[in-house]
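Nothing in this text is a laboratory measurement; each read-out follows from the coordinates by a stated rule. Bear in mind the structure is a predicted one, so any value in this text is a computation, not a measurement. So basically every Cβ, Gly included, is an ideal-geometry build from the backbone, and we count neighbours across all protein chains shown.
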Amino acid sequence: RSLKGLASAKGLVYGAAVATWQTDRDATLRRTFSRQCAAVVPEWEMKWGAIEGTRGQRTYTGADRVVSFASSFSLQTRGHAAIWHRNLPRWVEAALKAEGEKIIIDHIRDLMAHYKGKIVSWDIVNEAIEPKDGQPDSLRNSVFLKYLGPDYIARAFTIAAEADPGIQAYYNEYGLYHNDAPDVARRSAVLTLLENLKRQGAPVHGLGIQGHLTVGRPFDPGTFATFLRQVAGLGYKILITELDIDDRRLTQTVSERDRLVAEMATQFLTIALSERAVEGVLTWGLSDRYSWLNSSTFQSRTDGTMNRCLPYDDKFERKPFWFALADAF
Ligand code: XIL
């Protein structure tokens, strides 16, 4: 059984994020991708900071290697992420301040031109909402908001559509699933943003729901289902773009942790996949071995064990999370 096979039998896509430092060194990872995934998304290589560390010197080498890895197995590549306040080159802030919108126009146009016909599905704007920042409409107080004003979101989509009218453009956001104050606020702000974009006629096709869940944070199936219905009701498609299930709060044995991670996956996927607007699921990696939650800069667990957040363990054995995905499709 493969996740991509089970998903595609239901008209859905399954895929995962990957980085070249992983595919370069690991034949098991490459094989697992080719067997399990219909789509890949570059974890780092397509971000602005990876492409244009020095202004005007764009290097698509890493990103192109992800695309050729994908096409060698006939997998699609998703584009991620054109406009994001993180992983930005250092020069961008001063340039935005001095020259304004030209800076994002140049970036988005070049990115879309480079991948025209090769990448259809794109995260054009990522994580533009942050209720805690206290700005109107809960927009994140990023360098884009500061120097371009609130209209930069709609503009980014328009610039992308003008450069490549064939793309499917997504607004991608995290923190939309739990039933605690931060996620409740972010869900409502995202709905407002999607309503505004629709009213302005911005070329936005879908909402990317990242899906970085944490076991132990409250999850209410009904509330989440209602949110999906509201997004779909506005005419947007929905893609789960970065699913992983953080087990940092759990102190149980590994097998009990795996069971609780899978239980949360089942709860989340049951709701997500019963909404017809949902097109598929991408996990943020395949194996715990390469998860960002286990990276040296971001060790999310403090007891020395790995975070068991992905469908495969660090030896590429399927975990209960894998079976939760398989059963949900
Ligand atoms: C993370 C990657 O996994 C890391 O390797 C990188 O250093 C930072 O970004 N939301 C996103 C992703 O949209 O791009 C992030 O990926 C995880 C959170």
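Residues to consider are MET306, MET264; find the one that is without any contact (Cβ under 8 Å) to a residue 24 or more places away in the chain and either within 24 Å of GLY79 (Cβ to Cβ) or away from the ligand (no atom under 13 Å from the Cβ) (or both).
Values: MET264 fails: without any contact (Cβ under 8 Å) to a residue 24 or more places away in the chain.
Only one candidate passes the filter, namely MET306.
Run down SER68, SER34 and say which single residue is surrounded by fewer than 19 Cβ atoms within 10 Å (Cβ to Cβ), away from the ligand (no atom under 13 Å from the Cβ), touching a residue at least 12 places away in the same chain (Cβ under 8 Å) and in a helix (DSSP H, G or I).
The match here is SER34.
Taking the condition within 30 Å of ARG318 (Cα to Cα) and surrounded by fewer than 22 Cβ atoms within 10 Å (Cβ to Cβ), does GLN76 pass? Explain how you work it out, then say what you get.
On the way: within 30 Å of ARG318 (Cα to Cα): yes; surrounded by fewer than 22 Cβ atoms within 10 Å (Cβ to Cβ): yes.
When the stated conditions are applied, GLN76 passes them.
Among the residues of segment 189-223 satisfying the criterion of being within 16 Å of the ligand (Cβ to nearest atom) and among the polar types (S, T, N, Q), which is nearest to VAL281 (Cα to Cα)?
Filtering first and then ranking leaves GLN210.
Select from segment 71-113 the residues that are assigned to a helix (DSSP H, G or I) and out of contact with any helix residue (DSSP H, G or I) (no Cβ under 8 Å at 6 or more places or on another chain) and list them in ascending order. Please lay out each step first, then the result.
First, pick out the residues of segment 71-113 that are assigned to a helix (DSSP H, G or I): 71-72, 92-99, 102-113.
Listed by number, the residues that qualify are SER71, SER72, ALA94, ALA98, GLU99, LYS102, ASP106, ASP110.
Name the residues in segment 37-65 that are part of a loop (DSSP other than H, G, I, E, B), within 13 Å of the ligand (Cβ to nearest atom) and either touching a residue at least 40 places away in the same chain (Cβ under 8 Å) or farther than 20 Å from GLY208 by Cβ (or both), would you? I'd like the intermediate steps shown before the answer.
From segment 37-65, those part of a loop (DSSP other than H, G, I, E, B) are 37-38, 43-47, 52-53, 55-56, 58-60; that's our starting set.
From what is left, the residues that are within 13 Å of the ligand (Cβ to nearest atom) are 43-47.
Correct list: GLU43, TRP44, MET46, LYS47.
Given (1) touching a residue at least 24 places away in the same chain (Cβ under 8 Å); (2) within 30 Å of TYR290 (Cβ to Cβ); (3) among the polar types (S, T, N, Q), where does SER255 come up short, assuming only one miss?
(1)
What pairs come up if the first residue lies in segment 78-94 and is among the polar types (S, T, N, Q), the second is more than 11 Å from the ligand (Cβ to nearest atom), and their beta carbons are under 7 Å apart, counting only those six or more places apart or on different chains?
Close Cβ pairs satisfying both conditions: ASN87/TRP48.
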